[in-house]
Structure formats: structure tokens, C-alpha cells
Amino acid sequence: MDLFQTTETLDNRRRFLTNAGMGLGAAAMTSLLGQPRLAQAAAASSSDNIPSGCHFAPKAKRVIFLFMAGAPSQIDLFDPKPELEKQFNKPLPPTVSMGQRVTAMTKGKEQLIMPSPFKFEQKGESGLWMSELLPHLSSQVDKLCFVDSMNTDAINHDPGKTSFCTGAEIPGKPSMGAWLSYGLGSLNKDLPDYVVMPSAYWSGKVNVQALYSRLWGSGFLPSKHQGTSFQTTGDPVLFLSNPTGVDAGIRRRMLDSLGQLNRKHFGEIGDPEIETTIAQQEMAFRMQTSVPELTDISDETQETLAMYGPEVNNPGSYARNCLLARRMAERDVRFIQLFHRGWDHHTRLPVNLRGQCQDVDQPTTALLRDLEQRGLLKDTLVVFAGEFGRTVYCQGKLDAETYGRDHHPRCFTALLAGGGIKGGMRYGVTDEFSYNVVSDGVHVRDLHATMLHLLGVDHKRLTFPFQGLEQKLTGVEPARVVKEIIA
């Protein structure tokens, strides 16, 4: 046998083994990995009318997560400490700080107490205390659950946001919305399971950190589960419009031909990402009709638009995004995440915090009211939170106009409403300095476990095999469902 024949024979043998191993083997693996690890639970519960993918009957169908990137000051907005007036300009007692970790901006510097200069009043039938900075949201306290004992391990913004969005400080894990898309599937075949809408502008112009697409990425899950970020100018989704000279019929024929080639390729090598590509191309075609209809607010009444405030008319504003979030909830988008930046107030907190609250106060309130009057709030879980809280001690010059506050992961407040949550209550207690959790602490992973529970999912059983572990949103550390806040 000459050299050419020998090479051809070996090449054919390698190709056969590759196709056998990577084709049939990968296809088999795809059938295992491409399906949620909830299938067994779904089959067992089908006779009980429990939705596919759920371990038990859910209280919520969808989530709207309002993420205040930069960390709002809980002591100025949600967790009043009136006795601190007596501690103004005094050092934070060592018995309170207990040598706990601080940022490089605080390390080695005097920690002088700065009470909140803002007034708090009791609101609603529940009599919950709310800051004067949120007059609209104060009208909704009877719908809200204030979790004052939130805490996290992260002390800087990027790991804090990454932890809140993906369950881990280290980048690379799937985001919350991706886990839900993977575990529960789609409710609307014409729109993405998971949509992200960052605000295009905000009032606080200082210390604004970037938002990375990994915060709504799919990590090691199939990429079809990643979030779709809506743009603030031009097409809501990139390349949504057909190029000049290409109509819907041409696009349809092109996708059909491309799909045939991709399915042939999948049959040869079994790569699950090829199936993802086919599905995403088909979704993109359907979105050419569904997304323009979704984002066209001309059918909204003037009464509804006025409820969200004047900024609702500006594309990319937080107000417009809140209105779009309600429209997405109507169309059963599973996970809707709004990002509003500008909350990192190391200096000039009184001015910058006022502006930020004006950005979000009326639109957030309108979203809650709008969902309720349309019968959507009962099965829509709304979460309002930042990545951590702010310190009781001052940063910068100590006066009522220019003071700031540093990062504080030991305790902060998250607001929850709808979707099976008890309204008009506070959960968890912090000390008199809003520095440490005294009782009923809720870690970020506890919040994740509770959110999944409300959606009918056991956080211990929603898993994906990767790097030798059954990976979970809540990770390997203990996490609990906060049943005390569930109606």
C-alpha cells in the first residue's frame, strides 16, 4: 500500500471514529444535558396540574427584578434609626464594627457617625416607616415586604453585582434569568424568556460602574438561555430590521436554507450549540413582528402614561422600561430585569440620592399599580434591590449637604411584592446603627432560593452538571427558603 492510500485509510478511520464518538455520543449527551434536571419532577407532577418544570405548585409565573446598581442607602431610605441623632459625629463603637472587613476607601480612616437627615413617616394600614424621598412608593407599603436583614459576602461593586445576578462572585456562572429559562422553559414562543433593559440615563452622574453582559449571560448553560438586552436607540434588538432590499419572504427562504444546513451539521457532530443557533434564528425571525408590537406604546391610554410620569415618553428611561416591563409581563416573558445605575454615593449623597429617587419613585409605583389593576401582580414577583448597602459612618466631609457613605455588605434592604409575598411587613432586624443583622438574616443565596421556591422550583434540585459538580444557582453553601415572608 503506497503512502497516499495509507493516509486515506487512516483518515477515513479517524473520521468514522470521530463521527461515532462525537456524533452519536454527543447527540446522546445532548439529550441528557439539553433538558432541565426538572424533567423527572415534571413527569411525576403532571397529574396534579403542576406546570411543566416545576417541583410543586408555583405562586408566581414570572419575575420583574429592579436592580439599583451602585447600592442605595438603606439607612436613608428604608431602615430608620432615629436614636442615631444622639451619636452624630461620634466614632462608630468598636463593639459594633468588631474589626469587620472594610473597603480600601475606609481602611485606616476615622469612622464618624452620620444620621440620616431625611424624615421618615409611617404609611399605609401597616404603619411601615418610609423616607420622604419616596413619596409615591410610600403609598404602596401595604403591598411591600421589606427584608431589612439582607447581607452578602461581596464588598465591592463588580463581585457584588455578579453575586446578586448569578449567585457567585466569580464571573462565569449562569444568571438568574438563564436558570429560569433552562429550568422552566418559555411562556411565549415569540419573545425571549429573559429580557434585560438598562436605563440609558440617570440623575446621579458620579461613580457609575459598567454593566457587563455576563450579568445576564448563560454561563455554562446552553447559550439560548442568556438574556436579550434591549437597546435604547434604533432597533430594540440589534439587527432586528431587514436590510434594504430584503423582505420577510426572502428572509424566510434564507432561514429555511440555513436551517437545513445547520441540521445536517448537527447530525454530523451533535454539537448542542448548533440547535441553539437554529432556535435563535427562528426566534429572531418571529421577533421581527413581536418586538416592534411590544415596544410600540401608542396604544397605551394617556391615564396610564401619566401614571408612569413624564419620562415615560423618553426611550431608554427607567420610566419607559417600567412600562415595557408591564407589557412584557402581559405577554408572559419569564424574567424581566431592569438596571438603573448611579446609586454609588461616596460623596454628595443628599443631592445625588434625591435625584436617583426621583428617577425611580413614580415609575416603580406605577408598575406595581399597573400590574395590580390588570390582575398580574398576584403571579408576578417584583424585587427591588442593589448589590449591598451603605455605611452609617460618613465618607468625605461630615455635613448634611456633602456627606457620603461607603459600601456596606453586612446589612441592607430589599423590597419584594406580588407573586406570593406577604405585603405590609418587615422581616429581619438590624442593630441601632444599621450595621449588623440582629435576627433573621437573609443572605443573597437565601433570596435566590426563595425566588425559585415562589416559582415552584426547589433550588437544590435545579442543577446542571459542569466541572464535576451538580451546579446550582444557590451554589454549595447552605441556602434556605424564607418561608416567613411567603403568603
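Odds and ends about this structure:
- From Phe67, Phe88, residue being surrounded by 18 or more Cβ atoms within 10 Å (Cβ to Cβ) and either under 22 Å from the mean Cα position of the chain (by Cα) or closer than 30 Å to Ser203 by Cβ (or both): Phe67
Matching residues to (1) in a loop (DSSP other than H, G, I, E, B); (2) surrounded by fewer than 17 Cβ atoms within 10 Å (Cβ to Cβ); (3) in contact (Cβ under 8 Å) with a residue 12 or more places away in the chain; (4) under 24 Å from the mean Cα position of the chain (by Cα):
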| site | (1), (2), (3), (4) |
| --- | --- |
| Lys264 | no, yes, no, no |
| Arg326 | no, no, yes, yes |
| Gln362 | no, no, yes, yes |
| Glu372 | no, yes, yes, yes |
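- Among the numbered conditions (1) over 30 Å from Asp247 (Cα atoms); (2) touching an Asp or Glu at 6+ places or on another chain (Cβ under 8 Å); (3) modelled with pLDDT under 95; (4) of a type outside the set (Gly, Ala, Ser), the only one that Asp271 does not meet is (2).
- Count of residues meeting criterion [within 18 Å of Thr365 (Cβ to Cβ), hydroxyl-bearing (Ser, Thr, Tyr) and assigned to a loop (DSSP other than H, G, I, E, B)] in the range 289-309: 1
- Scan of the range 413-428 for residues that are surrounded by fewer than 24 Cβ atoms within 10 Å (Cβ to Cβ) and either in a loop (DSSP other than H, G, I, E, B) or hydroxyl-bearing (Ser, Thr, Tyr) (or both), ordered by number: Gly420, Lys422, Gly423, Gly424, Tyr427, Gly428
- For Asp76, the criteria (1) within 27 Å of Ser163 (Cα to Cα); (2) assigned to a loop (DSSP other than H, G, I, E, B) hold in every case but one, which is (2).
Quick grid of which residues meet (1) surrounded by 23 or more Cβ atoms within 10 Å (Cβ to Cβ); (2) farther than 28 Å from Ala57 by Cβ; (3) of a type outside the set (Phe, Trp, Tyr):
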{"position": "Glu387", "(1), (2), (3)": "yes, yes, yes"}
{"position": "Val392", "(1), (2), (3)": "yes, yes, yes"}
{"position": "Lys397", "(1), (2), (3)": "no, yes, yes"}
{"position": "Thr402", "(1), (2), (3)": "no, yes, yes"}
{"position": "Leu454", "(1), (2), (3)": "yes, no, yes"}
{"position": "Pro465", "(1), (2), (3)": "no, no, yes"}
{"position": "Glu470", "(1), (2), (3)": "no, no, yes"}
{"position": "Ala479", "(1), (2), (3)": "no, no, yes"}
{"position": "Ala487", "(1), (2), (3)": "no, no, yes"}
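- Single residue of the range 200-216 satisfying the filter (surrounded by 22 or more Cβ atoms within 10 Å (Cβ to Cβ) and in contact with a Ser or Thr (Cβ under 8 Å, 6 or more places away or on another chain)) that is farthest from Ile170 (Cα to Cα): Trp216
- In the range 374-399, the residues that are of a type outside the set (Lys, Arg) and over 23 Å from the mean Cα position of the chain (by Cα): Thr391, Val392, Tyr393, Cys394, Gln395, Gly396, Leu398, Asp399
- Checking the range 217-237 against the condition returns no match, with no residue being under 18 Å from Asp193 (Cβ atoms), of a type in the set (A, V, I, L, M, F, W, C), in contact (Cβ under 8 Å) with a residue 24 or more places away in the chain and part of a helix (DSSP H, G or I).
- In the range 376-407, the residues that are free of Cβ contacts under 8 Å to residues at least 60 places away in the same chain and either under 16 Å from Gln100 (Cα atoms) or assigned to a helix (DSSP H, G or I) (or both): Lys378
The values are calculated or read from the model by the stated rules, or taken from the named source; none is laboratory data. Note that this is a predicted model, so its numbers are computed, not measured. Every residue, glycine among them, receives a Cβ derived from its backbone with ideal geometry; neighbour counts consider all protein chains shown.
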